[in-house]
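Colleague: I'd like to ask you about the structure that follows.
Laboratory data are not the source of any read-out in this text; all were calculated from the coordinates shown. A quick note: this is a predicted structure, and the numbers were derived from the prediction, not measured. As a convention, Cβ positions derive from the backbone with ideal geometry for all residues, glycine included, and neighbour counts pool all protein chains shown.
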Amino acid sequence: MFTPKYPAPDTAPPPLNTPVVRLIPEDEGRASAALAPSAQPQMPGPPARRTVQLTPASVVTIAAGGTAVALVVGTVLVSMLLAVAITAVSVAVCAVVLRSLLNNHR
């Protein structure tokens with residue numbers, strides 16, 4: 001039940017642009033791998049990923065941007081909370097006024 005289940009090994013043939021490996025014996029009795037040129041033209045690989053280098057100015061810019069975002073989000077949340085509080089107070093005042101009107105009517 002707790003044993004891992006591994007996927008089946010890949011049985012796809014290798015891509016056509018991979019080099020063919022041949023073993024060529026050396027004079028010393030060791031074998032070294034030499035790459036035979038492929039008949040297919042070599043396809044370019046994926047582009048190299050660039051590294052991000054942070055300078056002190058970019059760190060300050062990122063920190064200032066994060067601070068600005070936090071202030072804007074905080075302002076929006078506080079204003080929404082204030083709107084809810086004002087609405088609740090106005091509903092409570094309306095309820096008190098209606099109750100007093102209904103009690104005075106009787």
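Colleague: Would you mind putting 81-93, 46-58 in packing order, based on average other-beta-carbon counts within 10 Å, highest first? Before the final figure, lay out each step's value.
Modeller: Details: 81-93: 10.0, 46-58: 6.8.
In descending order of packing, they fall as 81-93, 46-58.
Colleague: What FRET efficiency comes out for the pair THR61/VAL89, r = Cβ-Cβ distance, R0 = 41 Å, nearest 0.05? Present the calculation step by step, with values, prior to reporting the outcome.
Modeller: Details: r = 42 Å, r/R0 = 1.03.
Given R0 = 41 Å and the Cβ-Cβ separation, E is 0.45.
Colleague: What fraction of the Cα pairs in the stretch 59-104, stated in percent, has a spacing above 14 angstrom?
Modeller: More than 14 Å apart: 68 percent of the Cα pairs in the stretch 59-104.
Colleague: At a Förster distance of 30 Å, what's the computed FRET efficiency of LEU77 paired with VAL97, Cβ-Cβ distance as r, to 0.05? Walk me through the numbers before you get to the answer.
Modeller: Details: r = 31 Å, r/R0 = 1.03.
With a Förster radius of 30 Å, E is 0.45.
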